[in-house]
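Reviewing the structure listed below.
The values are calculated or read from the model by the stated rules, or taken from the named source; none is laboratory data. Predicted, not measured: the structure shown is a model, and the values here were computed from it. FYI the Cβ positions are ideal-geometry reconstructions off the backbone, even for glycines, and counts take in every protein chain you see.
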Amino acid sequence: MAWGLALAALAACVNLDEQLVGTVTTTYFTTPAGLEAAVDGDYAQLRDFFGREESFAVTEFGTDLTTNGDQGGYQFENTYAAGLNASAVHYQFPWTSLYRGINTSNTVIERAPAV
């Protein structure tokens, strides 16, 4: 019976009519709708940043908003110790996340005058 169900499931996939909707070409950003979608996409990059632990590490730790607690993971932020450097993971995440938004913004700035 299991073989019969497996064969029936495979036969059901023969005539699939799929439409690719996830790929955006560069010509899409030369239309008003494309530019608006690109600006909306910039805000999506901000959502990746805010609300994560990394955002607190680069925006609040090391300021007068926070002080050292009993968890030592980010104490170098307040003491300016050797762990405070660009290779720290919580600095790499915001950079890569926000850089995608900067890249999209540059596309909008470049193409907006022609639209």
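Structure summary
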{"quantity": "Looking only at region 95-115, and only at residues there that are out of contact with any Asp or Glu (no Cβ under 6 Å at 6 or more places or on another chain) and touching a residue at least 24 places away in the same chain (Cβ under 8 Å), the one that is farthest from Gly41 (Cα to Cα)", "calculated": "Ala114"}
{"quantity": "Residue check for Ala37: out of contact with any Gly (no Cβ under 8 Å at 6 or more places or on another chain) and modelled with pLDDT under 75", "calculated": "no"}
{"quantity": "For Thr30: the one exception among (1) at pLDDT below 75; (2) closer than 30 Å to Ala112 by Cα; (3) surrounded by 10 or more Cβ atoms within 10 Å (Cβ to Cβ); (4) of a type in the set (Ser, Thr, Tyr)", "calculated": "(1)"}
{"quantity": "Region 84-110: number of residues that are surrounded by 14 or more Cβ atoms within 10 Å (Cβ to Cβ) and either among the charged types (D, E, K, R) or more than 19 Å from the chain's Cα centre (by Cα) (or both)", "calculated": "2"}
{"quantity": "Options Phe50, Phe61, Phe56, Phe76: the member that is surrounded by 13 or more Cβ atoms within 10 Å (Cβ to Cβ), within 18 Å of the chain's Cα centre (by Cα) and either modelled with pLDDT of 80 or more or not acidic (Asp, Glu) (or both)", "calculated": "Phe56"}
